[in-house]
Each structure stands twice: as structure tokens, then as C-alpha cells.
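Q: Shown below is the structure under consideration.
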Amino acid sequence: MCHMKNLTRIMLVNLLIWLSLAVHAAKVTSNEFNPAISLILNGTYSQFSNDPDDYVIPGFALAEETGPGEEGFSLGESELTMSANIDDLFYGSFTAALTAEDSVEVEEAYIETVGLGKGVTIKAGRFYSGIGYLNSKHLHSWDFRDQPLVYRAMLGNQLADDGLQVRWLAPTEFYLEFGIEGYRGEGFPAGGAASDGKGSTTLFVHTGGDYNQSNSWLAGLSLVNAEALDRETGDPAEIFTGDSELVIADFVWKWAPNGNPKQTNFKLQVEYFMRSENGTYQGNPYDADQDGYYIQAIYQFIPRWRVGLRYDSLSADDPGLAFAGTALDTQGHDPERWSVMLDWSRTEYSRLRLQYNADDSGTESDSQLYLQYVMSLGSHGAHSF
């Protein structure tokens, strides 16, 4: 009997070893098809001298959820992402935003081709547009807690919609990429899915390269053509119907000694927006131009520690007396803001940030203080340049 028990035990151990080896082999041979799952936790404590519920930018019709955020402690917006190769031709990614209001929003859900050749990549579904520099980047990879004013005022924070994107990477010695996108037209500055659900298009080109071993750069030019159908602003809602054309120029310069950013590095980032809208606003003919820019510098002075400075500026045409009292009334004010931040990263997966804004985007100055944490759990892909 003892002999039988020992034999059974040996057989069981061998079976477990075989199963372990089989699972390991399966992971090695098919790991590229296993979904990578990551969770980004993003919490904030905020303090303002003005009521954030009264936030407006005179001269600009804002989208929903456009402002400095909630005051006090807030869970913020966390992200749950799943991504993987579907097969040898397609890649898929899904990102859900978990909001502080205990709701779930689909941030991105798309498929993308891999290995088509000739430098062509096609993406379909819901995704952040490739325009500008910052638009395609998720919140956790921003260098400041909030987005620049030009993104807030002219893109409703970020342009994302359901559509199709085609990119072509030119066979040049330096980086040169062209892109075109067609969208449903629900995402701001469009609205109402005009033209039978083909309400907006974009074009963009990005180029860049290494200046030398320590310096690199990236520049871009983008065009957004959006058709708005009963686009709403504020409560009670003000309605705009018409065309919105936006041009974006962006430039980024990065420095790291001998190309190694671990000890110290520096990044200079600039984007300029110029927009023209014409149509009807609250039933009145409307035709006006707006522009703005931001410039920011981020310096890692020792490992794990960074300091940043940002300046924002906006300007809008005065649309006339017919729009007095509406969101488009500039009130003779040119919005601007100064921001300074200090952050510390224990590892690439964790970051604590302290930020102060001297915000003059409204007619009354607002002092804004943020304390933020950004934590990454699970597998997460590398960020782009």
C-alpha cells in the first residue's frame, strides 16, 4: 500500500511539472496574443479661490466637462486598458475611463493594422486624433495636471470620435509621417454627427529627428475641418450650427546628455492654434476668428525630480453687440494663465505632483492649487516621443 501511495505521489508531481512546462511553452509561443491589461489610478486634491462651477472663458463656446475640475478630494479619472495583437494582421486596444461620478465611459476602442508594409497603418473605431502633439496622449502622460487652455477652449479638452485613420510613414532617413482621418462628427468642435455621420475630417504631418547625440526634435502641422449641427454650450444651452476650421502648428525639443535621460533631461514644447468659425449662433449670423498658444518647459534636474513652467494665451474676435451676454462675448478680456509644477517619481509607474496655476482665463483671477497622484498597475506600453 505504501508503495502505491509513493507511486501515485510521483505521478502527480510529474504531471504538475509537465503542466507547468506546457503553460510556460504556451506563454512563450503565443504571448504576443495575450492581452496586456493596465490600470491607471489618478487622484487629485484641488483648491480654488473661485467657484469652478462658474468657470467660463470669455469669447469661447466651451464643451461639457471643460474647466479646472472639482474642488477638494477627487478620485479624478482612472483608466482601464486592454490591448493585444488579434492575429498577424490586426492589433486591438480598449480603454475605459472610470470617472469620479462612478460612471464608465469608452475613451478608446479601436483596431489597427500591423505589418501592411509600404509604411501604411490603418486604424478604425473610437480613438484620439493624431493632430497636434498633445491630443493623442492620455491624461496620465501629461506633464501638468490639466491641459493647455487652447485644448480646453478649441477641442473640448481633446479631440476623440468614431472614425477611420490612415497614416503613411515615408521611406526617408528622417522621421516623416502623413495622416488623414474621417470622423462621425460628434466630438467637439463638431457636433450632431452632421453630413450623415461624416461630420469632420483632419489632415496632419509630423517630422523630426536627432540633431545630435544629445538633442532631438519633432514638428507638426494639422488641419481640422468640422461641421457642427446644433452644438450646445452651457446651461441653458447656447446653440451653434456651422463650420469650424482649425490649424495647429506644434514643435518639441528634447535634450538629454548623450541621449540618456535617466540623470537629467529637458523638454521644450509649443503649440499654436488658429480657428475660424462661421454659421449661426443663437440664431444670429456668426463669423469670427480665434487663436492661442501655450509654451512649456520641463526640466529633470536630478533623477526622479522634475520642475515645469507653462504659459497659456488666448485671443478671440469681438463678435459684436448681438452676442453680448453670451459665451462669445469677449468682455474686452484676453485669457492667459501661468502654471508651475514639481513632481517626483519613485519609479516609472508612480508619480506625485504639486501644481499651482495663476489663472486669468476668466474675467476674475483664480488661484488654483493641485496635489495629484498617478499610479500605473500592470503592463503598459511605452509612451511616444
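The values are calculated or read from the model by the stated rules, or taken from the named source; none is laboratory data. These figures come from a predicted structure and were not determined experimentally. When we count neighbours, we look across all protein chains shown, and the Cβ atoms used for this are built from the backbone with ideal geometry, even at glycine.
Q: With respect to D53, determine if the residue is farther than 25 Å from F385 by Cα, assigned to a loop (DSSP other than H, G, I, E, B) and acidic (D, E).
A: Judged against the criteria, D53 is not a match.
Q: Please state which of the following conditions D162 fails to meet, knowing it meets all the rest: (1) among the acidic types (D, E); (2) surrounded by 15 or more Cβ atoms within 10 Å (Cβ to Cβ); (3) outside any strand (DSSP E or B).
A: (3)
Q: Checking the condition hydrophobic (A, V, I, L, M, F, W, C), at pLDDT 95 or above and under 17 Å from D161 (Cα atoms), which residue from A63, A109, A96 passes?
A: A109
Q: Then there's this: Can you pull out the residues in region 187-208 that are surrounded by fewer than 21 Cβ atoms within 10 Å (Cβ to Cβ) and at pLDDT below 95?
A: Taking region 187-208 first, the residues surrounded by fewer than 21 Cβ atoms within 10 Å (Cβ to Cβ) are 192-193, 195-198, 201, 203, 205, 207-208.
Answer for region 187-208, where residues must be surrounded by fewer than 21 Cβ atoms within 10 Å (Cβ to Cβ) and at pLDDT below 95: G192, A193, S195, D196, G197, K198.
Q: Here is a list: F323, F266. Which entry is over 18 Å from Q147 (Cα atoms), among the aromatic types (F, W, Y) and at pLDDT below 95?
A: Of F323, F266, the one residue that is over 18 Å from Q147 (Cα atoms), among the aromatic types (F, W, Y) and at pLDDT below 95 is F323.
Q: Right, something else. Only one of R145, R152, R184 is at pLDDT 95 or above and out of contact with any strand residue (DSSP E or B) (no Cβ under 8 Å at 6 or more places or on another chain). Can you tell me which?
A: Values: R145 fails: out of contact with any strand residue (DSSP E or B) (no Cβ under 8 Å at 6 or more places or on another chain); R184 fails: out of contact with any strand residue (DSSP E or B) (no Cβ under 8 Å at 6 or more places or on another chain).
One residue alone meets the criteria, R152.
This table checks each residue for (1) under 25 Å from F60 (Cα atoms); (2) touching a Gly at 6+ places or on another chain (Cβ under 8 Å); (3) touching a residue at least 24 places away in the same chain (Cβ under 8 Å).
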{"residue": "E186", "(1), (2), (3)": "yes, yes, yes"}
{"residue": "A193", "(1), (2), (3)": "yes, yes, yes"}
{"residue": "D196", "(1), (2), (3)": "no, no, no"}
{"residue": "G208", "(1), (2), (3)": "no, no, yes"}
{"residue": "S216", "(1), (2), (3)": "no, yes, yes"}
{"residue": "L221", "(1), (2), (3)": "yes, no, yes"}
{"residue": "L246", "(1), (2), (3)": "yes, no, yes"}
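Q: Let me ask you something else. Could you tell me whether region 355-364 includes any residue that is surrounded by fewer than 19 Cβ atoms within 10 Å (Cβ to Cβ), under 21 Å from the mean Cα position of the chain (by Cα) and β-branched (V, I, T)?
A: no
Q: Can you tell me how many residues in region 207-220 are under 11 Å from F251 (Cβ atoms) and of a type outside the set (G, A, S)?
A: Number satisfying all stated conditions: 3.
Q: Further, regarding this structure: Are any residues in region 56-87 closer than 30 Å to V120 by Cβ, more than 22 Å from the chain's Cα centre (by Cα) and in a strand (DSSP E or B), and if so, which ones?
A: N85
Q: Just to verify a result, which residue in region 209-236, among those that are in contact with an Asp or Glu (Cβ under 9 Å, 6 or more places away or on another chain) and small (G, A, S), is surrounded by the fewest Cβ atoms within 10 Å (Cβ to Cβ)?
A: G209
Q: Among the numbered criteria (1) in contact (Cβ under 8 Å) with a residue 12 or more places away in the chain; (2) more than 21 Å from Y373 (Cβ to Cβ); (3) over 11 Å from the mean Cα position of the chain (by Cα); (4) assigned to a loop (DSSP other than H, G, I, E, B), which single criterion is violated by Y133?
A: Of the numbered conditions (1) in contact (Cβ under 8 Å) with a residue 12 or more places away in the chain; (2) more than 21 Å from Y373 (Cβ to Cβ); (3) over 11 Å from the mean Cα position of the chain (by Cα); (4) assigned to a loop (DSSP other than H, G, I, E, B), the odd one out for Y133 is (3).
Q: If you scan region 184-210, which residues turn out to be part of a strand (DSSP E or B) and of a type in the set (F, W, Y)?
A: Once the filter is applied, which keeps residues that are part of a strand (DSSP E or B) and of a type in the set (F, W, Y), region 184-210 yields only F204.
Q: So, one more: Only one of Q372, Q368 is within 19 Å of the chain's Cα centre (by Cα) and surrounded by 13 or more Cβ atoms within 10 Å (Cβ to Cβ). Can you tell me which? Quick ask: steps written out before the conclusion?
A: On the way: Q368 fails: within 19 Å of the chain's Cα centre (by Cα).
Only one candidate qualifies: Q372.
Q: Of all residues being among the hydroxyl-bearing types (S, T, Y) and in a loop (DSSP other than H, G, I, E, B) in region 88-122, which is surrounded by the most Cβ atoms within 10 Å (Cβ to Cβ)? Just the residue, please. Show your work before the answer.
A: Looking only at region 88-122, we keep the residues that are among the hydroxyl-bearing types (S, T, Y), and these are 91, 93, 95, 99, 103, 110, 113, 121.
Retained after the next criterion (residues that are in a loop (DSSP other than H, G, I, E, B)): 99, 103.
Working: T99: 15, S103: 8.
Residue satisfying both the conditions and the ranking: T99.
Q: Restricting region 251-287 to residues that are assigned to a strand (DSSP E or B) and of a type in the set (V, I, T), which is surrounded by the most Cβ atoms within 10 Å (Cβ to Cβ)?
A: Within region 251-287, the match that is surrounded by the most Cβ atoms within 10 Å (Cβ to Cβ) is V252.
Q: Within the set of pairs 6+ apart or on separate chains, which have a first residue in region 333-358 that is more than 27 Å from A316 (Cα to Cα) and of a type in the set (S, T, Y), a second that is modelled with pLDDT of 95 or more and assigned to a loop (DSSP other than H, G, I, E, B), and C-beta atoms under 7 Å apart?
A: Close Cβ pairs (under 7 Å, with a partner that is modelled with pLDDT of 95 or more and assigned to a loop (DSSP other than H, G, I, E, B)) amount to S345/R304.
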